[in-house]
Amino acid sequence: MRSWWRYKKPAGKYLIAYNKITKDRYLPTGPELAQSAQLFDISGDKMKLILDFPTIGEPHYAQAVSASVIKDKSVKMFKIEENQHPYVAKGEKETKVVREGNKVHVYMTAIRSHLTPDNIEGIKMGDEVYFHVTNLEQDWDVPHGFAIKGADNAELLIMPGETQTLKWVPTKVGISPMYCTDFCSALHQEMTGYVRVSPAGSNVPLKFGTGVTKPEVAAASK
């Protein structure tokens with residue numbers, strides 16, 4: 001039987017061990033005890049333990065590569081001024097809501113600790129709503145998430161300086177909350193908002209704002 005690792009070019013310097021039984025090693029903080037992993041240096045005559053740490057149980061496998069393989073290729077954040085997404089909003093003054101027939105495009109921003117806009121009216125049953133969310137953060141470890149109740153198949157994770165799009169088709173009349181799904185700061189729970197969905201054919205004007213909705217800043221329908 002041929003061994004699979006012969007074709008993976010292993011470095012042969014390190015060994016990762018996953019250990020199933022860890023009774024009394026870690027605090028029982030949940031329904032399942034934490035399992036442990038260990039990293040050994042096996043380059044010498046006697047292997048040396050480098051790191052011993054708790055981990056999840058499954059999947060029970062590990063992979064490792066040299067840091068030099070990815071270090072120089074790593075992108076910590078996207079520069080907001082270089083964002084070329086067609087629906088980017090590079091600042092809160094560029095946010096808007098635009099109707100194109102039954103398609104509504106929401107140019108939205110996320111930054112600690114609010115969404116802009118966070119109140120939208122004039123969405124109707126039968127509309128397709130596209131939330132184009134730009135993360136305005138320029139601190140590499142502050143991603144933001146985005147979801148809206150009723151979009152049951154997806155949510156967004158937006159890296160600093162990046163724009164991501166979520167499609168949402170309302171299924172009922174009423175108020176639908178939207179919110180950040182990635183904990184970002186002590187005021188994370190402030191990153192919420194609401195969309196009012198009206199019946200098809202209603203004459204509710206398209207309005208949006210942060211904190212309140214203001215008809216005078218509503219985008220004109222196309």
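Every number here is computed from the coordinates shown, using simple stated rules; none is lab data. Because the structure is predicted, anything quoted here is derived from the model rather than measured. Here the Cβ is made from the backbone with ideal geometry for all residues, glycine too, and neighbour counts use every protein chain on show.
Protection proxy ranking for 189-199, 32-42, using the average of other Cβ atoms within 10 Å per residue and placing the highest first: 189-199, 32-42.
From the coordinates of this entry, Rg and Dmax of the Cα atoms in Å is computed, and it appears in (1) 17.0, 48; (2) 24.2, 80; (3) 18.8, 85 under the label (2).
As an exercise, use a Förster radius of 30 Å and the Cβ-Cβ distance of Lys13 and Asp152 to find the FRET efficiency, rounded to the nearest 0.05.
Rounded to the nearest 0.05, the efficiency is 0.05.
Taking a ≥ b ≥ c as the square roots of the eigenvalues of the alpha-carbon gyration tensor, region 53-100 is classed prolate because a/c is 1.5 or more and a/b outweighs b/c. In vacuum, with every alpha carbon of region 18-67 counted as one equal point scatterer, what does the Debye formula give for log10 I(q)/I(0) at q = 0.16, 0.17, 0.19 Å⁻¹? Two decimals, please. The computed values of log10 I(q)/I(0) come out as -0.55, -0.61, -0.72. Evaluated on region 80-210, the Kirkwood hydrodynamic radius is 14.6 Å, with distances taken between all distinct Cα atoms. By definition, a body whose alpha carbon gyration tensor gives a ≥ b ≥ c is prolate when a/c is 1.5 or more and a/b is larger than b/c, and region 33-141 fits this prolate description. In a simple Cβ point-charge model (Lys, Arg +1; Asp, Glu -1; nothing else charged), region 1-126 has a dipole of about 560 debye relative to its Cα centre. Judged by the ratio a/c of the largest to the smallest principal axis of the C-alpha gyration tensor, region 83-135 counts as oblate, that ratio being 1.5 or greater while a/b is no larger than b/c. Take the Cβ atoms of Thr171 and Asp141, set R0 to 35 Å, and the FRET efficiency comes out at 0.45.
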